[in-house]
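The values are calculated or read from the model by the stated rules, or taken from the named source; none is laboratory data. Here the structure is a predicted model, which is why all the values come from computation and not from measurement. Glycine gets a Cβ as well: all are built from the backbone with ideal geometry, and neighbour counts include every protein chain shown. Just the protein is used for accessible areas: all its heavy atoms, side chains included, with ligands, DNA and RNA removed. Shrake-Rupley method; radii C 1.70, N 1.55, O 1.52, S 1.80 Å.
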Amino acid sequence: MDLSNLKPAEGSTKTSKRIGRGQGSGRGGTSTRGHKGAKSRSGYSKKVGFEGGQMPLQRRVPKFGFKNVNRKEYKAINVEVLQALAEKNNITTIDQEVLMAAGMVSKNDNVKILGHGTITAKLEVKAHAFSKAAIAAIEAVEGTVVKL
């Protein structure tokens, strides 16, 4: 056995089609491209969204609406959820780390506290935004609100 005896495994290689090498090859003439039209020419490349001259879908469909690039997304958390979290973990300060540990938010989320539900625990709540109702509910039980 030496290097001259090596050959690839059975079925691992295929001979490539030799196109456009004369009539005798069986693949001469139009060379598997069919007759006429842009696709039969050399240098043809189909543009993205091209539909053969028909008005493309992205131009037929009406455009409307507006996307605000400066929009800030918030994860909404109600004060009743804070109350349950404080009772469960026996804590007085709720911030991003506590909410992350509870699996409610991720590291990059902005948090907004909303005022749905009741709160009885005196809490120090740190978040990116608060609704008026949430601020009123937290401060009614002598808690503090800290905006990040």
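Within the range 71-81, is even one residue touching a helix residue (DSSP H, G or I) at 6+ places or on another chain (Cβ under 6 Å) and under 30 Å from Glu139 (Cα atoms)? For the range 71-81, residues touching a helix residue (DSSP H, G or I) at 6+ places or on another chain (Cβ under 6 Å) and under 30 Å from Glu139 (Cα atoms): present. Only residues that are part of a helix (DSSP H, G or I) and open to solvent by 70 Å² or more (accessible area, probe 1.4 Å) were counted across the range 109-148, and they come to 3.
Can you name every residue in the range 109-142 that is of a type in the set (Gly, Ala, Ser) and under 24 Å from the mean Cα position of the chain (by Cα)? Before you say what the answer is, go through the steps one by one.
Here is the first cut: in the range 109-142, the residues of a type in the set (Gly, Ala, Ser) are 115, 117, 121, 127, 129, 131, 133-134, 136-137, 140.
Hits for the range 109-142: nothing passes.
Considering the range 66-87, the residues that are of a type in the set (Gly, Ala, Ser) and in contact with a strand residue (DSSP E or B) (Cβ under 9 Å, 6 or more places away or on another chain) include one that is nearest to Ala127 (Cα to Cα), namely Ala76. Within the range 1-31, being of a type outside the set (Ser, Thr, Tyr) and open to solvent by 100 Å² or more (accessible area, probe 1.4 Å) holds for Met1, Leu3, Leu6, Lys7, Glu10, Lys14, Lys17, Arg18, Arg21, Gln23. Screening Thr92 against (1) open to solvent by 80 Å² or more (accessible area, probe 1.4 Å); (2) in contact with a Leu (Cβ under 9 Å, 6 or more places away or on another chain); (3) at pLDDT 95 or above leaves a single unmet condition, (3).
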